[in-house]
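One structure is given below, encoded as structure tokens.
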Amino acid sequence: MVTGANGSGKSSLYRTLRLLADFSRNGAIAALAREGGVASTLWAGQGGLGDTTAIGVRVGFAGEDFGYAAELGLPVPDSQSKFNLDPVIKAEAVWAGPVLRPATLLAERGGPVVRLRADDGGWAMVPHTLQPFDSMLSELADPQSAPDLLVLRERIRSWRFYDHLRTDADAPARSPQIGTRTTVLGHDGADLAAALQTIREIGDAQILAEAVDRAFPGSRVEIISRDGRFELALFQRGLSRPLGGAELSDGTLRYLLLVAALLSPRPPALLVLNEPETSLHPELLAPLAELIATVSETTQVVVVTHAEPLVAALAASAAQPHTVELVKANGATTIAGQGMLDQPPWYWPKR
Ligand SMILES: Nc1ncnc2c1ncn2[C@@H]1O[C@H](COP(=O)(O)OP(=O)(O)OP(=O)(O)O)[C@@H](O)[C@H]1O
Ligand SMILES: [Mg+2]
């Protein structure tokens, strides 16, 4: 659970995680460019920039069995190219276990050159060079020559991010859509009815029913199929007919979208929700926290939120979340209460 006041850097952290995941799809350069490029990502605080060729944006993560880090920077200017503001990958590293050390390195990239750990513990140079905009995760992951990279790439590719699922009047989730088996809710939520029906057929129908009943006592969701188009129907106590997608309140629709995202029958290694509380009635936060707790038994869930009731509900739930509070100190995002000695061990790959 990541909390913090407005402007403390929660959404920046969310976007950083998403950028990290983009390396596995070779989309990090384009993603960084969309966010405003290297220049906008550099800290605007005190310190001065100095040598611009040494400028870099570094991202990385570590898990129990693998870690990955990458550094993006600006290219050496080339008068023949119009892409001199396009970020390039300066360095990448993959290691075994939680900490990067010379002995745990499995793959290492410096500029265009990559070396891979061989079976005998020595190093094997990759015979061809990489383009500055290609990640070694996407280019070299191979079951024979680099099985660790492949495992790691597939794991990162499974990471899922949901940010402000649309619930406005024109939200695609409100209109009937072609129904096809949907194990992962799309980002715009258009396939909500199909995703819910898929959970009912091959996922955890029981938990789905409970999540709906806890939020809207006495209610249940049915999916109506007309000529292959699926439509949502919410049967509620006291109403003579079910409400369709177009009639649901923003909060009700958002809750159902979050339920569909969380109960995916194909759970990811990491699920990140950015400010899921938006437009949710406070009464829905406790059922949402309970559902997150259930899902977090099998999936690592990161919830980025500044809703005090959601923070309280999650803290009181069976999830027992690890809580990180972000604070701004002199314009920089830091973690509240974290001193030098509390920082997890972390080393960046060499450029
Ligand atoms: N390059 C930069 N250098 C320094 N500060 C920056 C830079 N870019 C953005 N910021 C600041 O960092 C903060 C991060 O905002 P962010 O959107 O992550 O906050 P948040 O915690 O999600 O806030 P909210 O609760 O309002 O959504 C903003 O105050 C923004 O002005
Ligand atoms: Mg934010």
- Task: Please indicate, with yes or no, whether at least one residue in region 46-58 is within 16 Å of ligand 1 (Cβ to nearest atom) and modelled with pLDDT of 85 or more.
- Result: yes
- Message: Any residue at all in region 82-91 that's surrounded by fewer than 17 Cβ atoms within 10 Å (Cβ to Cβ) and within 27 Å of the chain's Cα centre (by Cα)?
- Response: yes
- Just wondering, is there one or more residues in region 26-41 that are away from ligand 1 (no atom under 15 Å from the Cβ), surrounded by 12 or more Cβ atoms within 10 Å (Cβ to Cβ) and at pLDDT 95 or above? no
- Query: Within region 161-180, which residues are closer than 17 Å to Ser11 by Cβ and either modelled with pLDDT of 95 or more or buried (at least 21 other Cβ atoms within 10 Å of the Cβ) (or both)?
  - Reply: Phe161, Tyr162, Leu165
- Checking Thr182 against (1) within 30 Å of Val76 (Cα to Cα); (2) free of Cβ contacts under 8 Å to residues at least 40 places away in the same chain; (3) polar (S, T, N, Q), which test does it fail? (1)
- Message: Which of the strands (runs of 3 or more DSSP E) found entirely inside region 1-101 contain at least 2 residues meeting this: β-branched (Val, Ile, Thr) and within 16 Å of ligand 2 (Cβ to nearest atom)?
- Response: 2-4
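The values are calculated or read from the model by the stated rules, or taken from the named source; none is laboratory data. These figures come from a predicted structure and were not determined experimentally. Quick reminder, even Gly has a Cβ in these numbers, built from the backbone with ideal geometry, and neighbours come from all protein chains shown.
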